[in-house]
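Participant: Please read through the structure below; I'll follow up with questions.
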Amino acid sequence: MNDFHDNLAIGREWETKVSHWLQQNQNYVLDVYEYTGTATSGSKAPKLRILPSEESLILPDLQVASAGVTHWVEVKSKSGVGYPFKGNLRYRTTGFDLKYWEHYLKVRQITGLAVKVFFVHYNEGDIRSASLEELDVHPRKYINERNGMVYWPYDELNVIAKIINGTIISI
């Protein structure tokens, strides 16, 4: 396999684990990632479309419902945190593609459903989370137009679960 397919497989593994963990914690979950295009062997992101335009929006991985409230969850799995400043190992970041950030903001606007991002850092042993609203107003959000990424300080995000031997543990 190549890096893309390796990363896709790891991402799917953690999407499945997060889905199961949410279900075990009294949430109903629609695994949106299962509804992918077959032309690319399931490696195509599910999209929200409108006709007659060509516009389509990449959807978050999960739709979660509990106690009359429904929201989206996007799972971002990563092997490690980023260190943007070579001399400062105390400043750790996490992030994802700016294109996806823009799509999720628009999905939230169109559907009226909140979007939460779960940053699964399996080598750090935890899952951190924030809503798009929290991420959008974070004073240390950094958009790097050059590499098309958006970043946040990893240590300032809420820890919602621990990962021990590949298993998600509620805290």
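Participant: Running a GNM on the chain with Cα contacts under 10 Å, which residue among Gly11, Gly125, Gly148 ends up with the highest mean-square fluctuation?
Facilitator: Evaluated over the chain, the most mobile residue of the options is Gly148.
Participant: Would you mind finding the longest exposed-site-free stretch of the chain, with exposed GluC sites (Glu not before Pro) meaning DSSP loop and at most 10 other Cβ atoms within 10 Å? Show your work: numbers first, answer last.
Facilitator: Working: sites that count: Glu54, Glu145.
Result, exposed sites excluded: 55-144.
Participant: Mind putting a number on the dipole of the chain about its Cα centre? Charges go on the C-beta only, +1 for Lys and Arg and -1 for Asp and Glu, and I need it in Debye to the nearest 20.
Facilitator: Charge dipole, the chain, about its Cα centre: 280 debye, nearest 20.
Participant: Please compute the modelled spin-label separation between Ile164 and Tyr28, points set 7 Å along Cα→Cβ, answer in nm with one decimal.
Facilitator: 3.2 nm
Participant: Next question, about the same structure. Using a 1.4 angstrom probe with every protein chain in place, what is the largest-first accessible-area order of His138, His121?
Facilitator: His138, His121
Participant: When N counts the residues of segment 79-171, how does its alpha-carbon radius of gyration compare numerically with 2.2 N^0.38 Å, as a ratio? Provide the component values of the computation, followed by the final result.
Facilitator: Values: Rg = 13.9 Å, N = 93, 2.2 N^0.38 = 12.3 Å.
The reported ratio for this selection is 1.13.
Participant: To continue, here is another question. Per-residue ellipticity at 222 nm for the chain, helices alone: DSSP H runs ≥ 4 residues times -39500 (n - 2.57), over residue total, nearest 500 deg cm²/dmol?
Facilitator: Numbers: 3 runs with 42 residues, N = 171.
Using -39500 (n - 2.57) per qualifying helix, the result is -8000 deg cm²/dmol.
Participant: A further question follows. What are the extents of the Cα atoms of segment 91-140 along their three principal axes, in Å, largest first?
Facilitator: Per principal axis, max minus min of the Cα coordinates gives 35, 20, 18 Å.
Participant: Could I ask something else about it? Per residue Cα convex hull volume for segment 3-147, in cubic angstrom?
Facilitator: 149 Å³
Participant: Between Ala67 and Gln109, how high is the FRET efficiency from 1/(1 + (r/R0)^6) when r is the Cβ-Cβ distance and R₀ = 22 Å? Nearest 0.05.
Facilitator: Given R0 = 22 Å and the Cβ-Cβ separation, E is 0.40.
Participant: Also: Would you compute, for the Cα atoms of segment 54-111, the largest minus smallest coordinate along each principal axis and list the three values in descending order, in whole Å?
Facilitator: Projected onto the principal axes, the Cα atoms of segment 54-111 cover 46, 35, 18 Å.
Participant: I would also like to ask the following. Calculate, for the chain, the solvent-accessible area per residue in square angstrom, rolling a 1.4 angstrom probe over the heavy atoms of the protein chains.
Facilitator: Working: 9890 Å² over 171 residues.
Here the per-residue accessible area is 58 Å².
The values are calculated or read from the model by the stated rules, or taken from the named source; none is laboratory data. Since the model is a prediction, treat every value here as computed from it, not as a measurement. Quick reminder, even Gly has a Cβ in these numbers, built from the backbone with ideal geometry, and neighbours come from all protein chains shown. Protein only, heavy atoms only, side chains kept; ligands, DNA and RNA dropped before computing areas. Shrake-Rupley method; radii C 1.70, N 1.55, O 1.52, S 1.80 Å.
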